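Accompanying notes for the structure given below.
The values are calculated or read from the model by the stated rules, or taken from the named source; none is laboratory data. All figures in this text were calculated on a predicted structure; none of them were measured in a lab. Don't worry about glycine lacking a Cβ; one is built from the backbone with ideal geometry, like all the others, and counts go over all protein chains shown. With ligands, DNA and RNA removed, areas are computed over all heavy atoms of the protein, side chains included. Shrake-Rupley method; radii C 1.70, N 1.55, O 1.52, S 1.80 Å.
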Amino acid sequence: MADATAGQTVTACNAPGGFSRLARLTGVNWRGALAVVAFVLGWELLVRFKALGFAAVPGPLESLTAFWATYASKASYWESWFASFRRVVAGFVLAQLLGIPLGLFLGTRERLRELMFPVLELMRPIPPIAWVPLSILFWPTHELSIIFITFIGAFFIIVINVHDGVRTIKQEHLWLARSLGAGEAMIFRRIVLPSVLPAISVGMTLGIAVTWNVVIAAEMIAGDNGLGRLTWEGYVSHTSTVVIIGMVSIGFAGYLSSALVSWLLHKLTPWRA
Amino acid sequence: MNDVLHQGALSIRQAGKIYDPAGAAVVALEDCSAEIRAGEFVAIVGPSGCGKSTLLNAIAGFDRLTSGEILLDGVTLASPGTEPRPGPQRVVVFQHGALFPWMTVLENVIYGPTRQRVLGADAARAKALDMLRRCGGLDTAGQRYPGQLSSGMQRRVEIVRALMNEPKVLLLDEPFRAMDTVSKSAMHRHLLDIHALYPKTVLFITHDLEEALFLADTVYVMTTRPGRMKTMLRVNLARPRTLDMLVSHEYLELKRQVVAGVHEEAQKAFERGERELA
Ligand SMILES: Nc1ncnc2c1ncn2[C@@H]1O[C@H](COP(=O)(O)OP(=O)(O)OP(=O)(O)O)[C@@H](O)[C@H]1O
Ligand SMILES: [Mg+2]
């Protein structure tokens, strides 16, 4: 471990240019920060000089001004955040609560696997958005159908990942646990579950990203609020700054939830430094 | 101490194992016999795929024999009619290591005795720290995760985890196979020291003849599959073993006696491998 860190430091010192040194001294990713600034600047310039296709696109400055002037203090804007977040959390958490146990069962029970796997494999390739019409027909409210579609987005991912995770548990670990005196229940809790945590981790990380994709699309089609709806309404009402504000908000919201999930997973698997 | 020394006699009688008898019928072991005394350090040398792990798994209680039997202190451990049952009296250290990566070193080491309720958590921790310290100052690594240790340290911790259960037999399945010469040599020193401190019956599996002769009291050479004991050799080198013994007359004489046999079996295994691939 110590060797690995030493190795990295050496590469950082040898790397050419001042950014690496600056990054090391300040702990900030200066290269990345510069790229963001360059992106925003380029965008502003393209809009200013009315580059091809940019005639109707608002610039970052205009969008930011509109945001500060009206949206930052507007209750309905923050309600959009809340509505989308609630759907993501509901769909995502439900998917984990049902998907993790199902994945564990499928991985450990051969008969159940034979029974259910073909059905799962057939349903898995159907994109969550394709569930929208059926979902609206089935569920009594639009809210429930959006949550359901969001759930679908994360559900298959976690089931398949947990299932694969169970099947890669080291035989030696199971054998040793038995040698050392563990019974079946203990083996499940202290060997199977921790062995599968990395796979759960992958499933959740992929799942949370997909969940945001799905929720935004579903809101555009069937929602009456939320960040997806906000963005779509900006387009329909010809207030193009709102489209930008909506998109950037979605970006931040997605980033925030991914960061939250990865923080949680880090806490759950402290041995994976 | 004497009590411990009188335990751990292994008797392997005409052990046989056929994998998948209805289909491919791979005969892994056939008529494999050995008498191992309590406290003896035994090394089993054999070419790759000759059935060494199969024998070890039968002793450990991971798999069933299809003929013959294995007794530990007169009690049948394995036979075609015995349900395989792993237990703390015979713990394995595997080639690739099998510490639980999600537990700290200390949690790994106390897992056996606390699980079996032989010791309370505090007593187990005290015993673990003591053993870790004796086995080369490993106690300072107690709060680390296995992934943060070198492979040599991991393997030693694993040996300590096995010894914590006061096993009658310590089963080592090529534990140093993947190591470079220098680390391997350091591990030999550690293992010999540990064996002097805790004189259990040791079954050490390897395909490295020099390693076997340097470590063991008795070396068995196995034939290619189906595995049988081909030769048995008593190593009358004094203990503690030192590196200069590796060039001593006695050591070289022992090596001369078996090297031809081992080479012959390795050659057969290699040729069969070529045939099976062709
Ligand atoms: N579960 C199994 N089913 C079928 N054949 C098996 C099984 N396990 C092992 N074998 C075969 O039995 C033979 C003996 O295997 P074993 O693992 O005991 O060999 P080994 O001496 O430990 O080899 P190595 O030095 O490579 O570890 C091999 O030919 C192997 O392919
Ligand atoms: Mg083997």
Check your understanding: Among the candidates B:L56, B:L71, B:L65, which residue alone is within 11 Å of ligand 1 (Cβ to nearest atom) and either farther than 25 Å from B:I110 by Cβ or crowded, with 19+ Cβ neighbours inside 10 Å (or both)?
Key -> B:L56
**Study point:** Residue that is modelled with pLDDT under 95, part of a strand (DSSP E or B) and either within 16 Å of ligand 2 (Cβ to nearest atom) or within 19 Å of B:A216 (Cβ to Cβ) (or both), where the choices are B:L77, B:L29
**Key:** B:L29
Review point. Just checking, how many residues over the range A:154-200 are in a helix (DSSP H, G or I), away from chain B (no Cβ under 12 Å) and out of contact with any Lys or Arg (no Cβ under 6 Å at 6 or more places or on another chain)?
Key: 17
Review point. Which is modelled with pLDDT of 90 or more, assigned to a helix (DSSP H, G or I) and either within 16 Å of ligand 1 (Cβ to nearest atom) or in contact with a Cys (Cβ under 8 Å, 6 or more places away or on another chain) (or both), of B:A186, B:A212?
Key: B:A212
Review point. Out of (1) in contact (Cβ under 8 Å) with a residue 40 or more places away in the chain; (2) of a type in the set (K, R); (3) open to solvent by 20 Å² or more (accessible area, probe 1.4 Å), what's the single condition that is false for B:K184?
Key: (1)
Check your understanding: Within the range B:215-234, which residues are of a type in the set (A, V, I, L, M, F, W, C), more than 16 Å from ligand 1 (Cβ to nearest atom) and either in a strand (DSSP E or B) or surrounded by fewer than 21 Cβ atoms within 10 Å (Cβ to Cβ) (or both)?
Key -> B:M232, B:L233
Practice item. Check off (1) among the basic types (K, R); (2) part of a loop (DSSP other than H, G, I, E, B); (3) touching a Gly at 6+ places or on another chain (Cβ under 9 Å) for B:R144 and give me the number that stays unchecked. Key: (3)
Review point. Is it the case that the range B:17-25 has a residue that's within 16 Å of ligand 2 (Cβ to nearest atom), modelled with pLDDT under 95 and under 21 Å from B:V262 (Cα atoms)?
Key: no
Exercise for review: Answer yes if at least one residue in the range B:145-164 is at pLDDT below 95, on the phi > 0 side of the Ramachandran plot and away from ligand 2 (no atom under 16 Å from the Cβ), and no otherwise.
Suggested key: no
Review point. Since B:C50 meets every condition but one in (1) open to solvent by 10 Å² or more (accessible area, probe 1.4 Å); (2) in a loop (DSSP other than H, G, I, E, B), which condition does it not meet?
Key: (1)
